[in-house]
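The values are calculated or read from the model by the stated rules, or taken from the named source; none is laboratory data. Just so it is clear, the structure is predicted and the values come from calculations on it, not from any experiment. Here the Cβ is made from the backbone with ideal geometry for all residues, glycine too, and neighbour counts use every protein chain on show. What goes into the accessible areas is simple: the full protein's heavy atoms, side chains included, and nothing from ligands, DNA or RNA. Shrake-Rupley method; radii C 1.70, N 1.55, O 1.52, S 1.80 Å.
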Amino acid sequence: MLIVEGPVQSNPAFLWRHSQILDSYTSAVCLHGHTLHSEECLSFLPRYLHLVPGISQIVGRYERGPHAVDFARAWWTPPLTPSSALRLERGQIAKLGLRPMVSLTDHDNIEAGMALQVNNDPREVPVSVEWTVPYERSILHLGIHNLPPARARASVETMAAFTAAPREEQLPELLDALHAIPEVLIVLNHPYWLEEGVTEADHKRALARVLRECLPWFHAFELNGTRRWHENSAVIDLARAHHRPIISGGDRHAGEPSACLNLTRARSFAEFAAEIRDGFSSVCFMPHYREPMPLRVLEAAWDILRPYPEYPGRERWTDRVYYRCSDGVARPVSAIWGDKMPLVLRPATGMVQFLASAQMRQALRLLLSSRVEALP
């Protein structure tokens with residue numbers, strides 16, 4: 001079990017205020033990024049579309065009738081390949097003059113890390129996963145970083161078995177087996193994030209129980225680069241209360257590089273994991289974290305919807321969105337629709353494209369300048 005002795009750092013740095021902090025470190029670590037191997041459920045989509053007058057009525061027609069669309073059977077996949085995601089994150093860190101280490105964590109999938117280890121230094125590109133953990137009436141996400149490649153598939157199969165048939169009393173045993181591997185890092189990702197359909201009350205109870213029963217095996221709590229500061233601030237308080245270090249998590253799904261990094265003098269991910277397990281962590285937020293969140297969401301939406309001619313077979317967003325049909329086979333919606341995109345989506349995608357243009361982004365940045373993240 002994990003017993004953290006000595007001081008635990010609980011305050012991050014902000015690069016636009018503390019640029020000199022880079023002088024004290026030799027490496028930067030990017031954790032929690034997604035690639036085309038992640039499946040992102042679209043069950044949330046109707047809730048947002050119903051807020052748009054006119055669009056709501058069209059969505060209602062798609063949800064009813066003999067050919068109703070079940071959005072819970074649809075998902076999208078992030079546009080970047082593992083190599084593209086690695087290049088993006090490495091590029092940002094290289095501009096800081098630091099040595100990059102990048103841990104990609106697709107949902108319940110390790111193919112990105114396994115593939116990248118073939119042509120990259122395994123000490124800098126670990127095999128990692130974001131594990132979906134159903135717990136009571138909520139869902140938690142755990143970042144499991146730096147799995148030994150020879151044992152990684154067996155470990156993920158064990159995790160998948162729990163996800164498919166969860167029994168809360170088994171979780172400590174599974175975490176203990178992972179913690180017993182010295183180079184593995186276990187992170188409680190975005191502790192206050194709510195999965196679609198989960199109530200705040202149910203999540204609060206689940207989080208309290210998992211901290212009561214599994215805290216010894218959580219090495220750090222995540223500050224998330226895509227979550228608002230008031231939520232990250234609450235995570236800092238939670239980490240302080242439970243004597244755990246905070247750690248960065250970019251949670252990148254599109255083309256924006258991670259908005260927060262860990263700074264370290266470690267020469268390998270295993271050395272970095274040992275630092276965190278000992279309670280030492282230095283988190284630094286990048287300048288784009290302070291951009292207005294609506295603007296960041298808009299730019300991410302366009303990254304997801306825009307064409308990628310460099311990815312044959314995945315050029316259009318319709319090639320990257322899937323639907324499980326009545327025969328049980330998952331197909332890209334491009335194969336289902338052909339060239340006939342549903343009317344409900346045409347104005348929505350066109351509006352995103354218009355708002356994400358360079359001129360409109362600049363106008364929106366000025367308009368939303370008063371809505372930058374309120375930081376301490």
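Residues of region 93-151 that are closer than 18 Å to Phe218 by Cα and among the aliphatic types (A, V, I, L, M): Val129, Val133, Ile139, Leu140, Leu142, Ile144, Leu147.
Among the residues making up region 1-51, those that are at pLDDT 65 or above and among the aromatic types (Phe, Trp, Tyr) are Phe14, Trp16, Tyr25, Phe44. Region 220-334 holds helices (runs of 4 or more DSSP H) entirely within its bounds, and those carrying 1 or more residues that are open to solvent by 40 Å² or more (accessible area, probe 1.4 Å), touching a strand residue (DSSP E or B) at 6+ places or on another chain (Cβ under 8 Å) and modelled with pLDDT of 95 or more map to 269-277.
Does region 351-367 contain any residue that is assigned to a helix (DSSP H, G or I), open to solvent by 50 Å² or more (accessible area, probe 1.4 Å) and either in contact with a strand residue (DSSP E or B) (Cβ under 8 Å, 6 or more places away or on another chain) or modelled with pLDDT of 90 or more (or both)? So far as region 351-367 goes, no, none of its residues is assigned to a helix (DSSP H, G or I), open to solvent by 50 Å² or more (accessible area, probe 1.4 Å) and either in contact with a strand residue (DSSP E or B) (Cβ under 8 Å, 6 or more places away or on another chain) or modelled with pLDDT of 90 or more (or both).
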